[in-house]
Amino acid sequence: MSDSARSPLGALVKLAVTIVVAGALVAAMLLPLVGGTGLVARNSASLLDALPVELTDETPNGNATMVAADGTPITQFYDNNRTPVTHDQISDVMKQAIVDIEDSRFYQHNGLDVEGTTRALAKNLAAGEVLEGGSTLTQQLVKQTLLQTADNAEERAAAEEESVGRKLKEARLALALEEEYSKDEILTRYLNIAYFGQGAYGIQSAAQKYFSVNAADLTLPQASVLAGLVQSPKFDPIAYPAEATTRRDQVLNRMHQLEHITDQELADVSAAPIPLAPGGNAPNGCIDAAIGGFFCDYVMSYLTGTLGVSPDDIKNNGWTIQTTLRPDMQLAGDAAVLATQGMGDPIVGVYDAIEPGTGHVLAMSVNRRFGCGDPAAGCESVNFATIPTKGSGSTFKTFVAAAALEQGLPASHTITTSEPYTSRVYRGFNTDTAEYEPYSVGNVGNNYPNTLTMTQALYMSSNTYFLALEDALGRIEPAVRMAERLGMTFDYSVTQTPAQQIIDENRPSFAYGTDGVSPLDLANAYATIAASGVKCTPKPVLQIVDRNGEPVTDDDGQPLVPGDQCEQVVEPGLANTLSQMLRKDVEPGNRMQTGARAYVPGHQIAGKTGTVNNNDSVTFVGSTPEYTASVMVFRPTGTDSVGGYGGGRPATIWHDAMLPILSGQPAAEFPAADPRFAGRGVDAPPTSARPSSSSSNDDDRGSQRWNRTSSRDSSTATEPAPSTAAAPSTEAAAPADPAAPQPDLNGDGQPG
């Protein structure tokens, strides 16, 4: 006999000895415990002690599924691609085929089958290969369960080793399972846990993978292939069609021998090729998300970071994660961003939407595909929708205005400034003279009135007024703390300065939004204003339920996902007054407004534009009473201009994203301004009439008096040094009439 022939036969003999020895030992153990029917006595604690929990679960856990708020599937998460099905969701011919080839006496034995094992052993030895299984389906269920639920390599090795000890353990647990569950339950669990190759765990995944059908619809030609596949990957019909065909015919012959298929069925199926119709794998992870890939990534960060859930728990417990995502808002945001900034463009476009009063995150759009980490291929693993990157410019003037309102300066507070204006309080480092000098800013162009109310200065985005307003506050701390209370975080990222450092250095540049900003933070802070001063922690998950539909709980028995976490952080009257002030930046009827392009006719919209020095980052944040969304368009690296200002591309994206949403619902109204904060002589609310194109402010940039330096560059100064005199923001307003001809602000023949 050749070595090649001797090797498989030797393996069979080794297997035979193991099975026979294990069978003898089991029989010896059971001899005092068997009754006339051969069933193990129930009171045998030594033999049938408590089953492992892995074996008492009704079904294996399937893939975790992430869905939108309305149940729309987003993606799945899994280590083993499995979709458990019930007994009646598996075709009868599939059940018959697996029983016939693996354990034809399944419905007669009690978990161990000496007669069947002996017959299979003889047949396999005669053929020189494994044609029939040597273990019962119940024993195989035990082995696969222990193998697939193993927590470490040691447990996995123990579940697979060819030893008498492992066989004895399997035999004992198989007997216990047969006492606990019906035959149909055991068969269903086996078909749900068996591995069928190609990453398909369980019969439903296998049916989809090889034939693109559900397990309930499997036919004899398909079932005979899958029944033969559980023994070895070498019978994979995709990778090894010839071997799979031979194995299929063995299954068919066994079914015919047991008179479960007819002569004609045997002949017809055997003569035909395997009817392969391969399907794709189930989506796995945020890289495969059908919608909202960056939102999905944010959800995973929330689950693992905020809630402290391990990735293994997410993938292996069969949970359904219901998120706050609104598919209509996500799709509208995607379309709006891509219409303005193409997929994979070096300039990043981000749109984040959040619900005032709940903190529910509704959409996150980025002009990238999530996950692959190759910007050149139009995809990105960095989540620009959540991390701080570039500054958001004059959007921070809103925080200074809020602090001033709280300090008793009303919306009607009037200041006359020079052009440029030099601070009486704040100092900055002049890189030209290498000295600290009074901080000075100017506006771009010569069309700014010298005398403005706070309301006018906010919607015109006057740099000089807001430096004078910071002078009136006396120090920057009230504005910084207000920003934090409303929802901004200063989390020590490489693009941000800690809040305390800004306060210690008394930086006047705070009003001009020069530090890196998270688009989500920005949306949340403005949502606090829209919600009458109620700040909510951003929340992307509504609930997590287990496979039985019950809420997943923490160690204290409480739902793992907390309720909305909201608190009143500023007086409602202050926030409502600020919303009325911000309406004038968007809605028609105001001279020199900067955010007119965001206007959706018939709806109340409060917003603010922002543009940083060099125009490498431009921003618009807008709110209705129901929604707040931030839009940032920026260069992730470098400082070349993106073209235009916050009232250009960002306001356009906001408009295009919100138009289909707002058009389908009635208009809502912001609460009226509070006279305590509005003051006397406040401008009337904007009218609904369309303005003329001549009423806009086309050049609303601030001019830089000092060059930017870092605090590290000034560490030898004798007094706390601002990290600059950092450049104030630069803005240009869009024409108030979106239908009017647009100025070419970026030199590319397109509106700014």
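Annotations for the structure displayed:
- Total residues in the range 163-174 satisfying the condition of being buried (at least 23 other Cβ atoms within 10 Å of the Cβ) and among the hydrophobic types (A, V, I, L, M, F, W, C): the figure is 3.
- Residues (surrounded by fewer than 24 Cβ atoms within 10 Å (Cβ to Cβ), under 19 Å from residue 614 (Cα atoms) and among the small types (Gly, Ala, Ser)) located in the range 483-518: 516
- Flag if residue 473 is open to solvent by less than 10 Å² (accessible area, probe 1.4 Å), in contact (Cβ under 8 Å) with a residue 24 or more places away in the chain and within 15 Å of residue 405 (Cα to Cα): no
- All positions within the range 210-244 that are open to solvent by 60 Å² or more (accessible area, probe 1.4 Å), within 35 Å of the chain's Cα centre (by Cα) and hydrophobic (A, V, I, L, M, F, W, C): 238
- When restricted to residues that are of a type in the set (Val, Ile, Thr) and more than 18 Å from residue 630 (Cα to Cα), the range 479-533 contains 6.
- Scan of the range 386-428 for residues that are closer than 17 Å to residue 523 by Cα and open to solvent by 30 Å² or more (accessible area, probe 1.4 Å), ordered by number: 386, 387, 390
- Each residue in the range 443-459 was checked for being crowded, with 18+ Cβ neighbours inside 10 Å and modelled with pLDDT of 95 or more, and 8 of them qualify.
- Taking helices (runs of 4 or more DSSP H) as the structural unit, those lying wholly within the range 166-233 and holding at least 3 residues that are under 21 Å from residue 104 (Cα atoms) and touching a Ser or Thr at 6+ places or on another chain (Cβ under 7 Å) correspond to 183-193.
Table: residues versus (1) out of contact with any Ser or Thr (no Cβ under 9 Å at 6 or more places or on another chain); (2) among the hydrophobic types (A, V, I, L, M, F, W, C).
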site: 295; (1), (2): no, yes
site: 324; (1), (2): no, no
site: 327; (1), (2): no, no
site: 332; (1), (2): no, yes
site: 338; (1), (2): no, yes
site: 347; (1), (2): yes, yes
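- Entirely in the range 288-350, the helices (runs of 4 or more DSSP H) that have 3 or more residues that are within 10 Å of the chain's Cα centre (by Cα): 293-301
- Tabulated pairs, the range 79-104, first closer than 17 Å to residue 140 by Cα, second open to solvent by 40 Å² or more (accessible area, probe 1.4 Å) and in a loop (DSSP other than H, G, I, E, B), C-beta under 7 angstrom, 6+ apart or interchain: 96/260; 100/258; 100/260; 104/258
- Count of residues meeting criterion [open to solvent by less than 30 Å² (accessible area, probe 1.4 Å) and either under 24 Å from residue 443 (Cα atoms) or small (Gly, Ala, Ser) (or both)] in the range 559-579: 4
- Taking (1) touching a residue at least 40 places away in the same chain (Cβ under 8 Å); (2) on the phi > 0 side of the Ramachandran plot in turn, residue 594 satisfies each apart from (2).
- Listed by position, the helices (runs of 4 or more DSSP H) contained in the range 383-500 that have at least 1 residues being polar (S, T, N, Q), closer than 26 Å to residue 607 by Cβ and in contact with a helix residue (DSSP H, G or I) (Cβ under 9 Å, 6 or more places away or on another chain) are 397-406, 454-460, 463-473.
- Residue within the range 521-543 that is aliphatic (A, V, I, L, M) and closer than 27 Å to residue 64 by Cβ present: yes
- Qualifying positions in the range 584-632 - within 18 Å of residue 400 (Cβ to Cβ), in a loop (DSSP other than H, G, I, E, B) and in contact with a helix residue (DSSP H, G or I) (Cβ under 6 Å, 6 or more places away or on another chain): 584, 585, 595, 612
The values are calculated or read from the model by the stated rules, or taken from the named source; none is laboratory data. Everything quoted here is computed from the prediction, not taken from an experiment. All Cβ positions, glycine included, derive from the backbone under ideal geometry; neighbour counts span all protein chains shown. Remember, those area values only see protein heavy atoms, side chains included, never the ligands or the DNA or RNA. Shrake-Rupley method; radii C 1.70, N 1.55, O 1.52, S 1.80 Å.
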